[in-house]
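The values are calculated or read from the model by the stated rules, or taken from the named source; none is laboratory data. As the structure is a computational prediction, the values presented were derived from the model and not from experiment. No Cβ is skipped: glycine too gets one built from the backbone with ideal geometry, and neighbour counts run over all protein chains shown. Surface areas here come from the heavy atoms of the whole protein model, side chains and all, with no ligands, DNA or RNA. Shrake-Rupley method; radii C 1.70, N 1.55, O 1.52, S 1.80 Å.
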Amino acid sequence: MRRYFLLAASISLLLGLLITAWQESRHPKPIALTPTLTSQVEYCLTCHADLAEISSSHPVNTFGCVICHGGERLALEANLAHSTMRGGKNPSDFSVVQASCGGSNCHSGTAENSRDHIQRATTSIQATYAGAIANIRYTFGVQPDLKAVLGVFAIRVPESTSAITELAAFNPTQETNPFVQAFGQNCLTCHLSALPLPGSECIRFTGCSACHTPTQFPDRTDTTQIQSNQIHKLTTAISYTQCDTCHNRGNYNLRTMTFEPRQDLPTNRLHDYYQPIAQFTSCEWMLDCVDCHTRTEAMGDGNLYSVKKDIQYLQCKTCHGTLNDLPQTRTLTDPNDLAFRLALLNPVIDLKLGDTLLITEKAEPLWNIHVLPDGTYELFGKADGQRYVFRPVKGSACLQDPVRQDSGSCHQCHSVER
Amino acid sequence: MRPSFFHHLHPPTIPARQARLRYTLAAGGLAVFLVLILGITGILEIFYYIPTPTEAGNSIQTLTFLVPFGGLVRNLHFWSAQFLVIVSIVHPLRVILTGAYAPPRQFNYLLGMGLLVLAILLDFSGYVLRWDEGIRWALVTGTNLLKSIPLIGNALYTILVGGTQPGLATLIRFYGWHIFGMTLAAGILVAWHIFRLRRDGGIAVPPPPLREDQTRITRFELLRREILAMLLASTALLLLSTFAPAPLAAPITASAPASETARAPWFFLWVQQMLKLGNPFFWGVVVPLAVLVLFSLIPYIFPKPVKPELGRWFPKSNRIAQGVALFILLSIITLTLLALLPAS
């Protein structure tokens, strides 16, 4: 019997070797990528080869994965490879955005080269939530005026040209007013660092990706499909549905300091766009938000503000003009005009030198709106490329008072019934 | 056939009891086998490991994930090292519980204790060579313990760490100690230990006139058993290395916060637990050294085992030494288990 021990042990070792070889053969074949920007080989594609390129401005052969996402570039074991990723799935979260998206050649350049995206986004009112905080604290008598002094995080902008150069961090636990405490507890859900509210319609990332990474929504009329997901994409073609992951989802009840989601079940774009109580014109629901609202309005201009109206300045007249004036235009003569870069990032329109565009009162190019030879205007939807033609007010039968350009005045005649 | 070191260790015949598994537990032989595995896998690792703080982690990841069978080599090295520490504890424990350190084997017992210390230090230095977040706490705490030693602590720290905090000099020093300094010392001690083993008459059994069992086995039977043990150990190592990879974490970066669940390597968990009691010099240096000294002095300060009782477990003549050894071992196991409990 004992003589077979050696044979049995030899067979067990042989089996062990076979198992080891089998296990080794199951390892995926490493797929190497050496991005030109880093010149450091990385193996993320071994598992993520099926992931679509995130955007045409971030080609994977140039950027790779690690320069934005972090992570262990050589590891082929998921837990280790992902252990040092910045911001988990979202490297654009504001806690890590500087390391992920920053750099003077990337998104923390200067206003002069129009690459100061991180500075603008992190100081914007959507990031600081300073307006809502100031409003609530003023309403409940905690601060004497509406000037913002607190944001969801502390931030200093010494060179701010607004009246505010710094915000301290809002800490609800240090507030004495119970309503302000409750606001802090229940209502800090709509700024760019906040996790989204529950519900598939609210799913979004934080930071830059809250807007620039589209949520893939299911057909909302099909209630069996309640899942929605973010996809691996960065885009400037931002649909209204992305804005609606925060906006138009319901209202904050100031008595209970809770969020009350809208109760209707939208069945199409007309009903989905705004809450039932809202008034709007046809262009306000047929177009996407970004077709009118500029990058500065949405992402800020690098200054700190107390309230949305301090930064949001577009009015109907920006595109339509008034009875007395046509909208402002600019003919492209400089090949470095910002309009060319914006059109390159979202090629819904083929801009050429000599083209005449609409511009805003602050000279921001409305690069997706052309002046046509017949004096009408041609707009291409940034999110869907849809072409619209519209006329100026001047010379029309519009009954407007040129001084009253707030949307409420226009809505008196042009609102859509649903 | 020309006599050789192999023949020196494998005489034509030996008493059967000297090679009985339930007496020897094959601990010494396994230790030698593990040292061989560690030597071979260690040499292979040298070709890929880069001992700098910025490259150590990357080079280990390259070896582990990208070099064909590199992960297997690293896992074999890791598991062999852990088993070496285990058999290096089991071996002297067997010696104490069978009274096998009886004269003339006291000196070889001391050589063995030296090897135990080297096995632990080699394991710890190898662990540090990972230079990843998993080892940072133990590296910082372990080296800081040196500073707690009065008078010479700071000098010892500087000698080991090569500066005021762990860095490139530290890694190079640990690397040097690991692949050269301690490995050389261990190699010499291993050879000396097994040379002494034979010179002291092989594994402890009663002298021929007092032996109840006079059976002898041939060197071929001894070799057969050694091969059997090696085959079984190799299988176990292979399977463990295939299915339980050696730990690896992200490389140390200055910005990363220290983990709240930081732990010492398993063989120092008992020291980590004692450090919670207060004075680091006493609990982290004095007590562990006292345990080592006490174990080393067992052949000299406790009643000596009598020769007729050799070759079997728990002889009556050295019960005190057995009791002390078991008490200390159980204390160390208890402290280790306490350290493994999640922090409340």
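Laid out as a table, the results:
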item	result
Among (1) open to solvent by 60 Å² or more (accessible area, probe 1.4 Å); (2) touching a residue at least 40 places away in the same chain (Cβ under 8 Å), the one test that B:LYS276 misses	(2)
Selection within the range A:405-418 - open to solvent by less than 80 Å² (accessible area, probe 1.4 Å) and in a loop (DSSP other than H, G, I, E, B)	A:GLN405, A:ASP406, A:VAL416
Residue list for the range B:1-41, filter: among the aromatic types (Phe, Trp, Tyr) and either surrounded by 16 or more Cβ atoms within 10 Å (Cβ to Cβ) or under 20 Å from the mean Cα position of the chain (by Cα) (or both)	B:TYR23, B:PHE33
Every residue from the range B:76-104 that is in a loop (DSSP other than H, G, I, E, B) and buried (at least 21 other Cβ atoms within 10 Å of the Cβ)	B:THR98, B:GLY99, B:ALA100, B:TYR101, B:ALA102
Cβ-Cβ under 7 Å pairs, at least 6 apart or on other chains, the range B:223-244 side open to solvent by less than 30 Å² (accessible area, probe 1.4 Å), far side basic (Lys, Arg) and assigned to a helix (DSSP H, G or I)	none
Residue within the range A:10-20 that is more than 9 Å from chain B (Cβ to nearest Cβ) and touching a residue at least 12 places away in the same chain (Cβ under 8 Å) present	no
Residue under evaluation B:ALA254, criteria (1) small (Gly, Ala, Ser); (2) open to solvent by 60 Å² or more (accessible area, probe 1.4 Å); (3) touching a strand residue (DSSP E or B) at 6+ places or on another chain (Cβ under 9 Å), criterion not met	(3)
Residue match in the range A:273-281 (condition: crowded, with 19+ Cβ neighbours inside 10 Å and not in a strand (DSSP E or B))	yes
Leading residue by the ranking (farthest from the other protein chains (Cβ to nearest Cβ)) among those in the range B:46-74 that are of a type in the set (Ser, Thr, Tyr), free of Cβ contacts under 8 Å to residues at least 24 places away in the same chain and assigned to a helix (DSSP H, G or I)	B:SER59
Residues (among the aliphatic types (A, V, I, L, M), closer than 18 Å to A:ARG26 by Cβ and surrounded by 21 or more Cβ atoms within 10 Å (Cβ to Cβ)) located in the range B:42-71	none
Residue in the range A:389-404 that is modelled with the highest pLDDT, counting only those that are open to solvent by less than 50 Å² (accessible area, probe 1.4 Å) and not hydrophobic (A, V, I, L, M, F, W, C)	A:PRO392
Single match in A:PRO178, A:PRO172 (criterion: surrounded by fewer than 17 Cβ atoms within 10 Å (Cβ to Cβ) and either within 12 Å of A:ILE133 (Cβ to Cβ) or modelled with pLDDT under 90 (or both))	A:PRO172
Odd one out for B:ARG211 among (1) touching a strand residue (DSSP E or B) at 6+ places or on another chain (Cβ under 9 Å); (2) within 11 Å of another protein chain (Cβ to nearest Cβ)	(2)
Checklist (1) in a loop (DSSP other than H, G, I, E, B); (2) within 14 Å of chain B (Cβ to nearest Cβ) applied to A:ALA99, failing item	(1)
Elements of type strands (runs of 3 or more DSSP E) in the range A:287-387, at least 3 residues being surrounded by 13 or more Cβ atoms within 10 Å (Cβ to Cβ)	A:356-359, A:365-371, A:377-380
Candidate set: the range B:308-324, residues that are of a type in the set (A, V, I, L, M, F, W, C) and farther than 25 Å from B:ALA19 by Cβ; chosen: the one most open to solvent (accessible area, probe 1.4 Å)	B:ILE320
Filtered residues of the range B:209-222 (kept if farther than 14 Å from B:GLY311 by Cα, open to solvent by 60 Å² or more (accessible area, probe 1.4 Å) and of a type in the set (A, V, I, L, M))	none
Search result, residues across the range A:23-36 that are more than 9 Å from chain B (Cβ to nearest Cβ) and modelled with pLDDT under 95	A:SER25, A:ARG26, A:PRO28, A:LYS29
Cβ pairs under 8 Å, 6+ apart, first in the range A:77-94 and outside the structural domain of A:HIS58 (by TED's automatic domain parsing), second surrounded by 17 or more Cβ atoms within 10 Å (Cβ to Cβ) and at pLDDT below 95	none
So B:ARG199, is it closer than 30 Å to A:ARG3 by Cβ, more than 14 Å from chain A (Cβ to nearest Cβ) and open to solvent by 40 Å² or more (accessible area, probe 1.4 Å)	no
The range B:282-307 - residue that is surrounded by fewer than 15 Cβ atoms within 10 Å (Cβ to Cβ) and in contact (Cβ under 8 Å) with a residue 60 or more places away in the chain and, of those, nearest to B:ALA119 (Cα to Cα)	B:LEU292
Close pairs (7 angstrom Cβ cut-off, 6 or more residues apart or separate chains): within 13 Å of A:THR245 (Cβ to Cβ) in the range A:173-202, small (Gly, Ala, Ser) and outside any loop (DSSP other than H, G, I, E, B) anywhere	A:HIS191/A:ALA127; A:LEU192/A:ALA127; A:LEU192/A:ALA210
Residue within the range A:136-158 that is in a helix (DSSP H, G or I) and either aromatic (Phe, Trp, Tyr) or under 30 Å from A:ASN336 (Cβ atoms) (or both) present	yes
Within the range A:104-131, considering residues that are assigned to a loop (DSSP other than H, G, I, E, B) and surrounded by 15 or more Cβ atoms within 10 Å (Cβ to Cβ), the one nearest to the chain's Cα centre (by Cα)	A:SER124
Index of the failed condition, A:GLU284 passing every other in (1) open to solvent by less than 50 Å² (accessible area, probe 1.4 Å); (2) at pLDDT below 95	(1)
From the options B:LEU326, B:LEU335, residue that is more than 22 Å from B:GLN82 (Cβ to Cβ) and not basic (Lys, Arg)	B:LEU326
Any chance A:ILE54 is closer than 21 Å to B:SER59 by Cα and either in contact with a strand residue (DSSP E or B) (Cβ under 9 Å, 6 or more places away or on another chain) or more than 9 Å from every other protein chain (Cβ to nearest Cβ) (or both)	no
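Here's the yes/no breakdown for (1) of a type in the set (A, V, I, L, M, F, W, C); (2) touching a helix residue (DSSP H, G or I) at 6+ places or on another chain (Cβ under 6 Å); (3) under 21 Å from A:GLU72 (Cβ atoms):
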site	(1), (2), (3)
A:TYR4	no, no, no
A:ALA8	yes, no, no
A:SER12	no, yes, no
A:THR34	no, no, yes
A:LEU45	yes, no, yes
A:HIS48	no, no, yes
